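Right, one structure below, let's go through it.
Coordinate-derived values only; no laboratory data. As the structure is a prediction and not an experimental result, all values here were calculated from the model. Cβ coordinates were reconstructed from backbone atoms using ideal geometry, including for glycine residues, and neighbour counts include every protein chain displayed.
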Amino acid sequence: MTVAIDRRRAVLAVSVLPLWPAAAARATPAALEAAMQAFTGGAPVRDGRVAIEIAELIENGNTVPVALTVDSPMTAADHVQRLALFTERNPQPEVAVFHLSPASGRARVATRMRLATSQRVVALARLSDGSCWRHQVEVVVTLAACVEG
C-alpha cells in the first residue's frame, strides 16, 4: 500500500511537530520556579526593590520592550550583582541574565523579548549582600510569538 503525501504535509511533519512537545515540556510554572531557584541559589526572595517596565496589554509578542530597574546606590558596599528576567510560558523560562558592578553606575537595563502567550513575567535581582528581590507582572499577549523550539 502506498500513501501519497504532499510536500506541505511532509515539511510540517518533519519540522514543526517534533518541536511542540519539547517546547511544551519546558513551558510550565514548575520550570519557571526551577529556573528562579537556580538563579537565587536557594536564597529567600523578597518582593520589592526591583521594578519591571512592560506593557500589561501587548498586541504583538514578537518584540516586547522591557526595562528592569533596581533601587540600589550601586556602591562597592551595596550593589546589584545580577539581574534576571524570567517568563512562565515561553519555551525557555530564563530570558536574560545581566551581570552588573558598581562601575555600572545605575541598576537599570532595557531590552526586547519575545512572549509566547499571556503569562507572568518575573524580574529577580541578586545584591552584593546576598539578598534576592523580585517583581512580577501578569501580561496579556494578543498575538503570540515563540512557537518554535
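In this label model, ALA77 and VAL137 are separated by 3.3 nm, measuring between points 7 Å along each Cα→Cβ vector. Modelled label positions at HIS99 and GLU56, each set 7 Å beyond Cα in the direction of Cβ, lie 3.6 nm from each other.
Rg and Dmax of the stretch 72-149, both derived from C-alpha coordinates alone, stand at 14.3, 44 Å. In percent, rounded to a whole number, the relative contact order of the stretch 7-141 is 31, using alpha-carbon pairs under 8 Å and six or more apart. For the stretch 7-141, the square roots of the Cα gyration tensor eigenvalues, ordered a ≥ b ≥ c, give a/c of at least 1.5 with a/b greater than b/c, which places it in the prolate category. Ranked by the mean number of other Cβ atoms within 10 Å per residue, highest first, peptides 83-95, 119-131, 61-73, 43-55 order as 83-95, 119-131, 61-73, 43-55. Whole angstrom only: what separates the Cα centroid of the stretch 78-131 from the Cα centroid of the stretch 41-66? One Cα centre to the other: 8 Å.
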